[in-house]
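Chemist: The structure's right below; bear with me while I get my questions together.
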């Protein structure tokens, strides 16, 4: 038995407390709005930013692929924009991850954009190739972008290499900076080598045609430079909660935050259905929110923030990240702790 409130439990509490029929559509609206308010609360009094719940964050991985791949293709005479791979295959079926194709036909090299991808060995060009034939040499160029999960709502912190996967970036503490997409595009303008080990990344939204009222906003990750090999990367993702559409489903947060979730739903119901109610559910929600935020912070905040010392005599720095690293020859150990 759990103390967490299910979707039906929340509806029952709102219905009973405010005297509204359980089947009334306003009850569902109040619960859904209450959940949205709880997941993204306003800043608490005296604070500048709203709290980010730890239970909305998950550790995710992303596996990159090489920047190019070569193959032999056929372009049929009855479908001059169709490309069939006779040897080799695509490294991804995500058309938005492909920059272009380079085709060599009878000694002539041409570049072509991709329209759609059917599978790993079949795709359609954005325009007809202008020639047909078999045994055509093809190089697929990828653009270093990757689709992010449908529930993606942000990245917290930096992106790191997953050393357990065998990735070796040649730097023991190498991380990938998450920056703005415009800054990343500027970096690409001065890139000597098109592909290399990832150093930075940026999130951007997909354009028209990739988003709709049915699917919502889509997100992609651009990596700089374009990865030159397979790397598995780890990052902490902020998730967008799913809509509760079953009476037995439990909101994220569980039993520990159940009363705060209920208070949020009651405050919305009071605001939208009984704006002149004397029960002051809004004030109750703020009080409960403060308690939940404090609980969440204390449960997931470390007690040790790491070594604190004067680095002025440490001359070893990482040129790529402009930060000071501790030198092993000037450190000491006391009771097993290195300083």
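For every residue, the table says whether it meets (1) loosely packed, with under 13 Cβ neighbours inside 10 Å; (2) touching a residue at least 40 places away in the same chain (Cβ under 8 Å).
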site	(1), (2)
77	yes, yes
80	no, yes
84	no, no
87	yes, no
101	no, yes
106	yes, no
109	yes, no
113	yes, no
135	yes, yes
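Chemist: Let me ask something else. Going by the conditions given, is residue 221 surrounded by 12 or more Cβ atoms within 10 Å (Cβ to Cβ), assigned to a strand (DSSP E or B), modelled with pLDDT of 90 or more and touching a strand residue (DSSP E or B) at 6+ places or on another chain (Cβ under 7 Å)?
Modeler: Yes.
Chemist: It is to be established whether one or more residues within the range 277-295 are loosely packed, with under 12 Cβ neighbours inside 10 Å, at pLDDT below 85, assigned by TED's automatic domain parsing to the domain that holds residue 47 and more than 30 Å from residue 162 (Cβ to Cβ).
Modeler: yes
Chemist: While we're on this one: I need the full set of residues from the range 32-58 which are in contact (Cβ under 8 Å) with a residue 40 or more places away in the chain and in a loop (DSSP other than H, G, I, E, B), in order please.
Modeler: Answer for the range 32-58, where residues must be in contact (Cβ under 8 Å) with a residue 40 or more places away in the chain and in a loop (DSSP other than H, G, I, E, B): 41, 44, 45, 51, 52, 53.
Chemist: Take residue 5 and decide whether it is touching a residue at least 24 places away in the same chain (Cβ under 8 Å) and touching a helix residue (DSSP H, G or I) at 6+ places or on another chain (Cβ under 7 Å). Walk me through how you get there before you give the answer.
Modeler: Values: touching a residue at least 24 places away in the same chain (Cβ under 8 Å): yes; touching a helix residue (DSSP H, G or I) at 6+ places or on another chain (Cβ under 7 Å): yes.
So residue 5 passes the test.
Chemist: Of these, 61, 17, which one is touching a helix residue (DSSP H, G or I) at 6+ places or on another chain (Cβ under 9 Å) and part of a helix (DSSP H, G or I)?
Modeler: 17
Chemist: Which of the numbered conditions does residue 148 fail, given that it passes all the others? Conditions: (1) loosely packed, with under 15 Cβ neighbours inside 10 Å; (2) modelled with pLDDT of 90 or more.
Modeler: With respect to (1) loosely packed, with under 15 Cβ neighbours inside 10 Å; (2) modelled with pLDDT of 90 or more, residue 148 is out only on (1).
Chemist: Do we have any residue at all in the range 297-320 that's crowded, with 16+ Cβ neighbours inside 10 Å, outside any strand (DSSP E or B) and either assigned by TED's automatic domain parsing to the domain that holds residue 29 or at pLDDT 85 or above (or both)?
Modeler: The answer is no; no qualifying residue exists.
Chemist: Which count do you get for residues in the range 119-128 that are surrounded by 12 or more Cβ atoms within 10 Å (Cβ to Cβ) and either touching a residue at least 60 places away in the same chain (Cβ under 8 Å) or out of contact with any strand residue (DSSP E or B) (no Cβ under 7 Å at 6 or more places or on another chain) (or both)?
Modeler: 2
The values are calculated or read from the model by the stated rules, or taken from the named source; none is laboratory data. Predicted model only: the values in this text are computed from it and were never measured. As a convention, Cβ positions derive from the backbone with ideal geometry for all residues, glycine included, and neighbour counts pool all protein chains shown.
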